[in-house]
1. Given springs between every Cα pair under 10 Å in a Gaussian network model of the chain, which of 57, 80, 69 has the largest fluctuation?
2. Could you tell me the distance between the Cα centroids of segment 69-92 and segment 30-59, to the nearest Å?
3. Once the Cα gyration tensor of segment 66-116 is diagonalised, what are the square roots of 5 times its eigenvalues, in whole Å and ordered largest first, as equivalent ellipsoid semi-axes?
4. Which one of 92, 54, 18 has the biggest mean-square fluctuation once the chain is modelled by GNM with Cα springs under 10 Å?
5. May I ask you to sort 81, 96 by Cβ crowding, counting other Cβ atoms within 10 Å and putting the fewest first?
6. Quickly estimate the mean residue ellipticity at 222 nm for the chain, helices only: each DSSP H run with n ≥ 4 gives -39500 (n - 2.57), and the total goes over all residues, rounded to 500.
7. Could you tell me the ratio Rg/Rh of the chain? Both radii from Cα atoms, Rh via Kirkwood.
8. Comparing 39, 103, 77, which has the greatest mean-square fluctuation in the GNM of the chain with Cα pairs linked when under 10 Å apart?
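Values in this text are rule-based calculations from the coordinates and carry no lab data. Bear in mind the structure is a predicted one, so any value in this text is a computation, not a measurement. Backbone-built Cβ (ideal geometry, glycine too); neighbour counts: all protein chains shown.
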């Protein structure tokens, strides 16, 4: 359903007047080239609208103009959520982590994704 909405919003983004679109894990159950296309489509919509996307896939996250890291932790029995804007180096680190690696190859892949 989320991908159907993404497709519709991609086509209609120049016609409707909705200023902000939120996609929650629109990339669930996709990977590889499909994930890259999802990221590209959201970037395309973002040229005309504000797009907020919750994603766990590096190609989708790398397609955004900004990257926020959302972290949850429990302190004294309460769940706290922290949201932090990632600057360039931290963004590379997070994309590398999302790729499942910490080695040179994963870091190089993260840098390439962010250049695309």
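1. 80
2. Using only Cα atoms, the two centres lie 21 Å from each other.
3. Working: eigenvalues 140, 32, 9 Å².
They are 26, 13, 7 Å, listed largest first.
4. So, out of 92, 54, 18, the one fluctuating most is 18.
5. With the fewest neighbours first, 81, 96 line up as 81, 96.
6. Numbers: 5 runs with 54 residues, N = 116.
Roughly -14000 deg cm²/dmol at 222 nm, from the helical runs in the chain.
7. Values: Rg = 15.2 Å, Rh = 15.1 Å.
With Rg and the Kirkwood Rh in hand, the quotient comes to 1.00.
8. Sorting by GNM fluctuation, first place goes to 77.
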